[in-house]
Every structure is written in C-alpha cells, then in structure tokens.
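What follows is a set of notes on a single structure, which appears directly below.
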2 protein chains.
Amino acid sequence: MELRHLRSLVTLVDMGFSVSRAAVQLHVVQPAVSQHLRQLEDEIGARLFVRQGRRLIALTEAGERVLEYSRQVLAQTNSILAIGRDHTQQSRGELRIATTHTQARYVLPPVIRRFAEKYPAVSLQIHQGTPAQLVDAAVHDSVDFAICTEALGEHPLLRAIPCYRWNRCVIAPGGHPVLIKPRVTLKQLCAYPVITYVFGFTGRGHFSDTFVESGLRPDVVLSAADTDVIKTYVREGLGIGIIARLAYDAVLDADLGMRDLHHLFPWETTKIAYARGKYLRTFQQDFIDMFQDTIRQSDTRGGLQPCSEP
Amino acid sequence: MELRHLRSLVTLVDMGFSVSRAAVQLHVVQPAVSQHLRQLEDEIGARLFVRQGRRLIALTEAGERVLEYSRQVLAQTNSILAIGRDHTQQSRGELRIATTHTQARYVLPPVIRRFAEKYPAVSLQIHQGTPAQLVDAAVHDSVDFAICTEALGEHPLLRAIPCYRWNRCVIAPGGHPVLIKPRVTLKQLCAYPVITYVFGFTGRGHFSDTFVESGLRPDVVLSAADTDVIKTYVREGLGIGIIARLAYDAVLDADLGMRDLHHLFPWETTKIAYARGKYLRTFQQDFIDMFQDTIRQSDTRGGLQPCSEP
DNA sequence: AGAATTTACGCGGTCCGTAACCATG
DNA sequence: CATGGTTACGGACCGCGTAAATTCT
C-alpha cells in the first residue's frame, strides 16, 4: 500500500465516484486510478466499493472505514510538509479561513488587519459558507480554520477552541415602539413581524428553542443568512430585526435603534476549529492567539465576552 | 514523500540512529535508507537530523515533529490493513497485550480463558514490562493493549478505558500479631518491616503518599515488582506484605493471613489503553468487553469494583 | 585501521500512458 | 452510440543493490 492508493481512493469519493474525474484531478490517466483502486482492494482483501456493473457507486462499510483513515493519513502527510515550510519560511504561506458572513463582516476585520500587518507574506483566503459546509471544509483540510457558532465542537474529527460568547439584540427603525422600553420582553418581540437568521445559521437553533420554551411564537416574516440583508429589510420597514449584538454598528447603523437582548436568550459561543491532528504553522497558531487577544481588547463594546481556554 | 521515507525515519530512531541497523530491520541495504532520509530532508526542506560528521546523532526540533506525525501515519496505514483482515477473517489474527505481572497473573487468566474459547484462531501474546514500557509499547503500536494502573490515562496519544478499581491488603504468616485486629491501622503497619511493590509499579505512588500525609513512615525492607516475590519473602518471615487485594488467593495462600486495607488507602483504577486512532478489530473490541464483563461477574470476591464507562 | 556513511553506477521492477476492448444507459 | 471503465502492452523512470570512495573513531 502506498500513498497514491489512498490518494486515489479519497479523490474518487470527493469526485463523486467518477474514476475519470479523479484521474484528471490527480494529473494521471484513468487506467492508473483504476489500477490503484484495484490494488488497494486486493491488498486490503475486502470489497471497498459497491459496484453497478463496472461503475463504482458507493463505498461498502469497510470502504467507509478505510476512507476515514486514508483522509487522516493524507492530512498528516500534509502536516509533515507544513512543518518544513514552517521552519524554512517562517512567515510565508497561506491561511485559509472559512466562516459565516457575520464573522467575516463584523468580527474578523480587526483581527485580519493585525494579522496582515504582522505577516505580510501570508496570503489570506476568506471563504464563506453554511456552518455545515465550514465543518466539511475543515475536516477535509480544504481550509485551515472554520470559525462559527453552530455545528462545531461536537464533531469528533475537529478540535474546536471557544473564542468568545455573544448574544442578540433587536434593531428597528428609529422611533419604533419596541425601542421605547429599555428592557424588551419576549412578548413584545412577538408583537411585531421579525426578521432574523436562517435556520442552521448563527445561533438560530437556540433562538427558536427560547420561544418554544416560553410558549410564544414569533412572527418570522423573513429569514436571511446575512446580517446586512436583515438590516436592509428592517430599514424597509418590513419588521424588527433580531441579530447578533456584535453586528450592530453604532455609527453606520445610527438610523436604526437597538436594544440588547442578552437577558432573553442563552449566550452563544463562537469557536475556531481545525482538523484534529493538523499541524499548525506558527503563523496559524498566532492567528488563533491574535483572534482571542483582539476580542479581549475590544472589551464589551460589541456586547461580546472573551472565553478563556477550556 | 512516500511511506518508505517515513518508515526509514521511524526505524532509524527506533534503532538508535544507526542507519545500518535500520536498513537490516527494513530488509533493504544501507544506502537505500540513507537515500530515504536525505530525500525526506530535501522534500521537507528543513534539517531533521543533528549530525556529527556523517553520523546521525539526534533529531532537530523539526525532526521530532515529523517523527511524531510519521508514527501516526504508519499506525494508521496499519489500521487500514487491519480493517481488511477484520472483514475477511473475522476471528483470525493476533492480540498483543502488555501488562504488569500482577494483572497477568491474577486478573487476566479468566478473561483469557473466555477469549481463547471464543476466538481459538487468534494467537495471544502477553508481554510484561514496567508501566512506562507498557505505555511506550502501546503508543508505538508494538502491542495492541496496555493494561495497568499507573501512567496511563494522562498520555495524549493513548485512549484509556477504566476497567475496575482495587485496593490493598496486608498479608503475614499465620498468627502474626498484625492479623489479630480485624481493622488494621496505618500505625500498626509501621510497627513491622514491610514488603511491597517497587516504585513506579502497581499503585506504589498513592501508597507512599498516604503515609507521607499521615506523617508516618513505613519500614519498607524490600520492594519487588511482582506479587509472588513479595509473598515468598513474607513466607520467609522477612516482614508483612502489602499487596493488591486481588492478588491474595484464599486457597493457595491459605498459610498466609490477610486483612483488607481499603479503609486506609485510596482506590486505584486499572485501565486498558490503546493508541488513539487505532482501528480495533472486532475481536479486539470484544476483548475489552469481555474484560469488563468478567470483572463484573467475578463480583467483589477479590475486593475489586467494576467501573462503568466514563 | 576499521566501522559507518556517502557517492557512483547499472539492473530490474513497476508505474504510467497509449490503445484497444467491453458494458451500460 | 456515446460515456465511462477495464484489459493489454510497451517504454521510461526510479528505487534498490553492488561496489568503491570518504570520513571519523
């Protein structure tokens, strides 16, 4: 068994069980990949693939197991090479971050600024996606870090580091009746049409749970993945917005009124996660440190609380 | 980078930095290994070895990192092959256990009997060693399981499963004054010369701590790694023995008196550990289950308590 | 001087690419 | 009949083994 066999297996699966596409991806011809897969099955001595005629359709249970280990092996060989790059070109390389819109837009900018200043030779990539996609990308090591609130932390193949806790606020056009009382109640929120995040995003789970427990039902007229979209519709007068407190900008959103809601909802914990066993280059480790440190310095202006290490 | 490079690196280290011995171990000629190491260094692009002239002396820091990942990669490729064997020859293979003398002699026999009955085609190996050696063997995957009380559980590369808790007893030749009172005190134990386990073995750490805390100092005239040796010297009249309660056999040791001491010392937890990420074949998983189950059935006869899963 | 490692070189295996062949929708 | 996968075969590459050169104990 050689690494190329494992590479062929993993690429085959990632390419949706198309041998030809895997071959293209691997820069070899198709019969080569066929041979790898065949040899791998021979050496392991068990069927790995469910076949339909000559076509490969899916993995057997054994195949799933082998795939899992193969991914780990390949990730670790990458880590080995990363060690080298780390020692020779300390501060040269790339940092691939996958996160949600809210993080990318409201939390990361000051961190990124500091990082880019300290490591000008590191090329930065910020990918966006749904929490489920972020998890996937981190597991497959197609990004270095996934930063979000949902779906991390339970995954057995990820190491998740809690970074800060945040809560929600309500926003509404200036003069809106919900803004009168300094301390808003759940009942008051239910009196108006609500615009908030799409399910699966940014703490929407706990958000809904809170209403269910209280026996109240909010009138969610619109859901969006993205705080800026929510704000836009709130400005249009479509309803009141319930967003992450940290996404309210006192200057840019001066036309909107805001009331903190941390007394109504549970705190959410945003984490930074990476593939377990991944070798972190010094600048990657440093990014995590800078992230936590920046949060710590920005104090509670945005209503977020730093998390100490677990 | 190919697996052979990693194998050469790992073997080199295991052979004490002798390229020639590594070559023998790998069934290739020496220049081949030299080439692997050279190529590995080239590809990683960092010095991995500390050299003294042409001789390799030690690993650099980068080398240590690479070694760590290489070990994991190789362990996982082994896991992949194990998956195959598991699916084709369900109950054929080998089970390598490393443990201390006390476990091998007093706890494992009934487990082994059940296991051998159910899996006659699995060849069993029982290795013995100091707790530190057991940990090493498990980490390097040169055994499948390490079973002992000390040193496991904290190691980051091992997964340790608590199996049962035990405590100590005192043994002495029949009629010895320490046997008169049903409830022995620490002070009484200090009145006689004591024979017990060597430091680093079988709960000796907590044993000593207990005396230190009480301000008493036992008169340990002899330490042995092995309960049978202790018993022998107790029979010789050299002193009283403090051993694991489970190592006292009511029939074979009828000439020795015994008093339980669980009111004096903290309970010790014996664990079964294996390399994290290792693929457990079905019969290996079954061994753990049978181990725990056998303990559960043997009830408290030997003064040991089963542990539920953490 | 001898043990151990590196360098030099040639052979053999094997890995991949080309091309022809087969199955499936 | 086109798309996608397997079988067959040849050439190029390279990994290993032999043997000579080198260096440190």
Please indicate, with yes or no, whether at least one residue in the stretch B:122-141 is over 13 Å from the mean Cα position of the chain (by Cα) and surrounded by 18 or more Cβ atoms within 10 Å (Cβ to Cβ).
yes
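Kindly indicate whether residue A:10 is more than 15 Å from DNA strand D (Cβ to nearest atom), within 8 Å of chain B (Cβ to nearest Cβ) and in contact with a Leu (Cβ under 9 Å, 6 or more places away or on another chain).
Numbers: more than 15 Å from DNA strand D (Cβ to nearest atom): yes; within 8 Å of chain B (Cβ to nearest Cβ): no; in contact with a Leu (Cβ under 9 Å, 6 or more places away or on another chain): yes.
For residue A:10, the condition - more than 15 Å from DNA strand D (Cβ to nearest atom), within 8 Å of chain B (Cβ to nearest Cβ) and in contact with a Leu (Cβ under 9 Å, 6 or more places away or on another chain) - is not met.
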Considering residues that are free of Cβ contacts under 8 Å to residues at least 12 places away in the same chain, assigned to a helix (DSSP H, G or I) and either within 7 Å of DNA strand D (Cβ to nearest atom) or closer than 22 Å to residue B:79 by Cα (or both), the number found within the stretch A:22-59 is 6
Check on residue A:235, basic (Lys, Arg), buried (at least 18 other Cβ atoms within 10 Å of the Cβ) and touching a residue at least 60 places away in the same chain (Cβ under 8 Å)
no
Could you list, in sequence order, all residues of the stretch B:114-133 that are modelled with pLDDT under 90 and in a helix (DSSP H, G or I)?
B:131, B:132, B:133
Mind counting the residues in the stretch A:33-57 that are of a type in the set (A, V, I, L, M) and within 14 Å of DNA strand C (Cβ to nearest atom)?
6
Looking at the stretch B:51-110, which of the residues that are out of contact with any helix residue (DSSP H, G or I) (no Cβ under 9 Å at 6 or more places or on another chain) and among the basic types (Lys, Arg) is farthest from residue B:203 (Cα to Cα)?
B:54
Inspect all residues belonging to the stretch A:170-186 and state whether any of them is under 23 Å from the mean Cα position of the chain (by Cα), touching a residue at least 12 places away in the same chain (Cβ under 8 Å) and either crowded, with 17+ Cβ neighbours inside 10 Å or not in a strand (DSSP E or B) (or both).
no
Within the stretch A:196-310, strands (runs of 3 or more DSSP E) holding 1 or more residues that are basic (Lys, Arg):
A:256-260, A:268-275
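How about the stretch B:11-32: which of its residues are more than 20 Å from residue B:142 (Cβ to Cβ) and either buried (at least 20 other Cβ atoms within 10 Å of the Cβ) or within 8 Å of DNA strand C (Cβ to nearest atom) (or both)?
Taking the stretch B:11-32 and keeping what is more than 20 Å from residue B:142 (Cβ to Cβ), we get B:19-20, B:28-32.
Those that are more than 20 Å from residue B:142 (Cβ to Cβ) and either buried (at least 20 other Cβ atoms within 10 Å of the Cβ) or within 8 Å of DNA strand C (Cβ to nearest atom) (or both): B:19, B:20, B:30, B:31.
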Could you please find all residues in the stretch A:291-304 being buried (at least 19 other Cβ atoms within 10 Å of the Cβ) and at pLDDT 85 or above?
A:291, A:292, A:294
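The values are calculated or read from the model by the stated rules, or taken from the named source; none is laboratory data. As the structure is a prediction and not an experimental result, all values here were calculated from the model. Because the Cβ atoms are built from the backbone with ideal geometry, glycine has one as well, and the counts that use them run over all protein chains shown.
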